[in-house]
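Only one structure is covered here, and it is reproduced in the block below.
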Amino acid sequence: MSLAVLLATMRVQMKQSFARPMFRFCLIANPILNTVLLYEMYRGSGEESFMAYVVLGAGLMGLWSCICFSSAGDINRERYSGTLALIFVAPASFPTIILGKIIGNTLLSLLTLGISLVTAAVLFRTPLMLESPLYFLFALLAAVAAFVVISSVVACLLTLSRKTELYMNCIEIPIILLCGFVFPVSVLPAAVRAVSYALSPTYAVELLRMSVWGVEEPAAFWQKLGILLGLTALYAVLSALLYRRIDRRVRVAATLEVA
Amino acid sequence: MLRRFFDQAYLYHKGRRAAFKAEEFIFHQLGYPLVTLIFYCLIASYSFRTTNLTSWVIGNAFLLCTNACIFGLGNIFVGERYYGRLRSIIASPCAKLPLILANGLFPALFAVCASVCGFLVGAWVFGVDFSGVDLGLAALTIFCAMASAACFGLFLSVFGLMNDSMHLILNVVSYLMMIFTGAEFPVAQLPPVGQAVAQLMPLTKAIAAMNALFEPGQGSFWLLLLAELATGAAYALLARAVFGFAERSARRSGRFDMF
């Protein structure tokens, strides 16, 4: 894997993504509007630390939207532009290029967290207090890794279909709901919670929220972090297997088009 | 004339669903909106600390039309431009309104179905009680709300002739509808300017009328319903006026787009 290819792809991807109006909506407008909406819904809740749900929730919703409407559809976008075959047979490996795109998108999408923080501070004069900054840093790094890997899995799965746009739309809200981006997953019924805990973003969100409120039980934090990293590794293996399968299928069928 | 209208409406519908299997199309039109309704009702149950979610089920059931009325209708001219029919539509001597209305017929029907399903799912999942409600008046309210939302969608669609960022505009509008219509939190929570904006939005009065049906004494049902119809009619007239302006501009400048 060439680092130069990875960095160059990240840079190009960030520029391309920002040029698209839909990505700009997800990156800028979505966190602002979600912050306003969630603030109005939460301000009468009586909960003192509700801003963690508002700011983190709005930021993460924006981040996930960026992933859904960009990372998940990037392979299909290359197909539409007629450049998929070129990057597939380029001397730089195909997974490296796709990984560069996904990392570029995810890093750019982290802006949503900052935008929702600024929106809350400017419009509502209620900044988010970060009680455990060092834990937050660990949680954020683990969350970025988890989102990069899950994007890679979703991108692989959507490569196999020509109905990417439909599926992109259909995975946004269900993941936000299942992973408890804006409310604790304990609100969900037990059967649904089982699905939630199989998804890595659930742990990422819980870790971020724990570090914002202040980590009182470090053991619980490290345990959740361990589970998150384990799930991320599992998803990474799944992603690698999917890429290998797609590669084989493309070589056998001698086409990058889908049925 | 009438037969041509329905033929045209069916052709538009066929064009929209051609790429999907029936179950995919139904999931997109009904399944995904229902997951969205459940998501926002769950946020409300947690943030407002309540088990009586009638008001949120009503608001979100009405918002289910967003998918069909705002995104479906709002993209009419974007679609026509994409398929190369814009020239024929602008240049032909036939009336444009029936053509636009034909485009909106099936989305409006799906919007009504989505809203009805929203109420049924609300009753099943969140225990909304319909026993004391006049179902005829409830159906009338849904019909008026969808007509008003469809007129608003038509108004938005004309902006497809004036800019190339309709995805951005429509997504922002869908969030504005969540914030300003009283679907997610009471309009009274908004500042005075926000409350004035809320009265200009479609669905605000229909949601209030439906709430009045469930809890008599919350306002005059018929007055609210008439106000909703007047809002829809105003948007239809605005759509006609803006389209006429765009049409004249296209004929004068010899260009089909104003951007």
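The values are calculated or read from the model by the stated rules, or taken from the named source; none is laboratory data. Owing to the predicted nature of the structure, the values given are computational and were not obtained by experimental measurement. Cβ coordinates were reconstructed from backbone atoms using ideal geometry, including for glycine residues, and neighbour counts include every protein chain displayed.
Structure summary
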item: Among residues of the stretch A:16-43, those that are farther than 16 Å from A:A120 by Cβ, within 10 Å of another protein chain (Cβ to nearest Cβ) and crowded, with 24+ Cβ neighbours inside 10 Å, counted; result: 1
item: Counted residues, the stretch B:133-158 - those being in contact (Cβ under 8 Å) with a residue 40 or more places away in the chain and over 9 Å from the mean Cα position of the chain (by Cα); result: 13
item: Matching helices (runs of 4 or more DSSP H) fully within the stretch B:1-93 where at least 2 residues are touching a residue at least 12 places away in the same chain (Cβ under 8 Å), away from chain A (no Cβ under 14 Å) and more than 23 Å from A:F181 (Cα to Cα); result: B:2-17, B:54-63, B:76-82, B:86-91
item: Set A:V182, A:V154: member being assigned to a helix (DSSP H, G or I), of a type in the set (A, V, I, L, M), surrounded by 15 or more Cβ atoms within 10 Å (Cβ to Cβ) and out of contact with any Cys (no Cβ under 7 Å at 6 or more places or on another chain); result: A:V154
item: Of the criteria (1) away from chain B (no Cβ under 14 Å); (2) closer than 19 Å to A:L110 by Cα, which one A:L86 fails; result: (2)
item: Candidate set from the stretch A:44-96 (those that are among the polar types (S, T, N, Q), surrounded by 24 or more Cβ atoms within 10 Å (Cβ to Cβ) and in a helix (DSSP H, G or I)); member that is modelled with the highest pLDDT; result: A:S65
item: Count of the stretch B:52-87 residues which are surrounded by fewer than 22 Cβ atoms within 10 Å (Cβ to Cβ) and among the β-branched types (V, I, T); result: 2
item: Residue identified as in contact with a Ser or Thr (Cβ under 8 Å, 6 or more places away or on another chain) and either without any contact (Cβ under 8 Å) to a residue 12 or more places away in the chain or within 14 Å of another protein chain (Cβ to nearest Cβ) (or both) among A:R209, A:R245, A:R193; result: A:R193
item: Complete set of residues in the stretch B:42-77 that are under 14 Å from the mean Cα position of the chain (by Cα) and farther than 18 Å from B:G104 by Cβ; result: B:G59, B:N60, B:A61
item: Filter result for the condition that a residue is in a helix (DSSP H, G or I), under 30 Å from B:G84 (Cβ atoms) and modelled with pLDDT of 90 or more, over B:V172, B:V197, B:V158, B:V193; result: B:V172
item: Residue match in the stretch B:217-229 (condition: part of a helix (DSSP H, G or I), under 15 Å from the mean Cα position of the chain (by Cα), surrounded by 15 or more Cβ atoms within 10 Å (Cβ to Cβ) and of a type outside the set (S, T, Y)); result: yes
item: Single match in B:L203, B:L176, B:L237, B:L226 (criterion: free of Cβ contacts under 8 Å to residues at least 12 places away in the same chain, farther than 21 Å from B:L97 by Cβ and either of a type in the set (A, V, I, L, M, F, W, C) or within 14 Å of chain A (Cβ to nearest Cβ) (or both)); result: B:L226
